[in-house]
Amino acid sequence: MKLIIINGPNLNLLGKREPEVYGTQTFEDYLLLLRGKFQEIDLEYYQSNIEGELIDKIQEVGFTYDGIILNAAAYTHTSVGIGDAIKAITTPVVEVHISNTFSREEFRHRSYVSPGAKGVILGFGLRSYDLAILSFLKE
Ligand code: DQA
């Protein structure tokens, strides 16, 4: 099974960015643990701070991979382009957020990703990504 985690803007700063909200672990460290835990999965990782690059990556993998785990970060709440890209592809997308966006500011309650997503997992810290991977595995 080939999955990709796509992270949007500012998630490259995990570990030092607002640790009270996003924790103290870097994504690179967490990814090592994830890959160790799910060795049967070919797990790719991509991060960009640029909206168009995220859309390019979604298009690139979106017809061949088995799943996309997408944390579009702030673009979740603003990007019609990312929402349209998800609807244009055939690979299922699971939307992920580290924080519970519904317990935060009102502008974070809206998602342009959710309407095209297979499901949404949020609020479990980095474990949200674990849970998203599990959602692709057969029981
Ligand atoms: C986030 C939530 C977004 O509202 C925020 O802009 C992020 C991270 C999360 O994972 O909790 O950058 O997607």
Does ILE89 fit the bill of being more than 16 Å from the ligand (Cβ to nearest atom) and either open to solvent by less than 50 Å² (accessible area, probe 1.4 Å) or within 21 Å of ASN12 (Cβ to Cβ) (or both)? yes
ARG127 open to solvent by 60 Å² or more (accessible area, probe 1.4 Å), under 14 Å from the mean Cα position of the chain (by Cα), charged (D, E, K, R) and under 22 Å from ASN12 (Cβ atoms): yes
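Please indicate, with yes or no, whether at least one residue in the range 41-51 is touching a strand residue (DSSP E or B) at 6+ places or on another chain (Cβ under 7 Å), modelled with pLDDT of 95 or more, β-branched (Val, Ile, Thr) and open to solvent by 50 Å² or more (accessible area, probe 1.4 Å). Break it down stepwise before answering.
Filtering the range 41-51 down to residues touching a strand residue (DSSP E or B) at 6+ places or on another chain (Cβ under 7 Å) leaves 41-47.
Right, trim to modelled with pLDDT of 95 or more and you get 41-47.
Remaining after also requiring β-branched (Val, Ile, Thr): 41.
Pick out the ones that are also open to solvent by 50 Å² or more (accessible area, probe 1.4 Å) and you get none.
No - not one qualifying residue is present in the range 41-51.
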Pairs with Cβ under 6 Å, 6+ apart, first in the range 75-93 and closer than 18 Å to ARG108 by Cβ, second open to solvent by 70 Å² or more (accessible area, probe 1.4 Å) and not β-branched (Val, Ile, Thr): HIS77/PHE107; HIS77/ARG110
For LEU70, state whether it is open to solvent by 40 Å² or more (accessible area, probe 1.4 Å) and either modelled with pLDDT of 95 or more or within 16 Å of the ligand (Cβ to nearest atom) (or both). no
Tally of residues being surrounded by fewer than 14 Cβ atoms within 10 Å (Cβ to Cβ), more than 16 Å from the ligand (Cβ to nearest atom) and in a loop (DSSP other than H, G, I, E, B) across the range 10-40: 2
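Picking from TYR65, TYR112, TYR129, which residue would you name as being under 19 Å from GLU53 (Cα atoms), in contact (Cβ under 8 Å) with a residue 60 or more places away in the chain and either hydroxyl-bearing (Ser, Thr, Tyr) or not in a helix (DSSP H, G or I) (or both)? Please lay out each step first, then the result.
On the way: TYR112 fails: in contact (Cβ under 8 Å) with a residue 60 or more places away in the chain; TYR129 fails: under 19 Å from GLU53 (Cα atoms).
Matching residue, one of TYR65, TYR112, TYR129: TYR65.
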Checking ILE58 against (1) within 16 Å of PRO92 (Cβ to Cβ); (2) open to solvent by 50 Å² or more (accessible area, probe 1.4 Å); (3) under 13 Å from the mean Cα position of the chain (by Cα), the condition it does not meet: (2)
Selection count, the range 101-124, where residues are within 14 Å of the chain's Cα centre (by Cα) and open to solvent by 60 Å² or more (accessible area, probe 1.4 Å): 4
Could you go through the range 114-134 and let me know if any residue there is closer than 10 Å to ILE69 by Cβ and near the ligand (Cβ under 10 Å from one of its atoms). yes
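The values are calculated or read from the model by the stated rules, or taken from the named source; none is laboratory data. Just so it is clear, the structure is predicted and the values come from calculations on it, not from any experiment. Methodologically, a virtual Cβ is constructed for each residue, glycine included, from the backbone with ideal geometry; neighbour enumeration extends over all protein chains shown. The accessibility values were calculated without ligands, DNA or RNA, using every heavy atom of the protein model including side chains. Shrake-Rupley method; radii C 1.70, N 1.55, O 1.52, S 1.80 Å.
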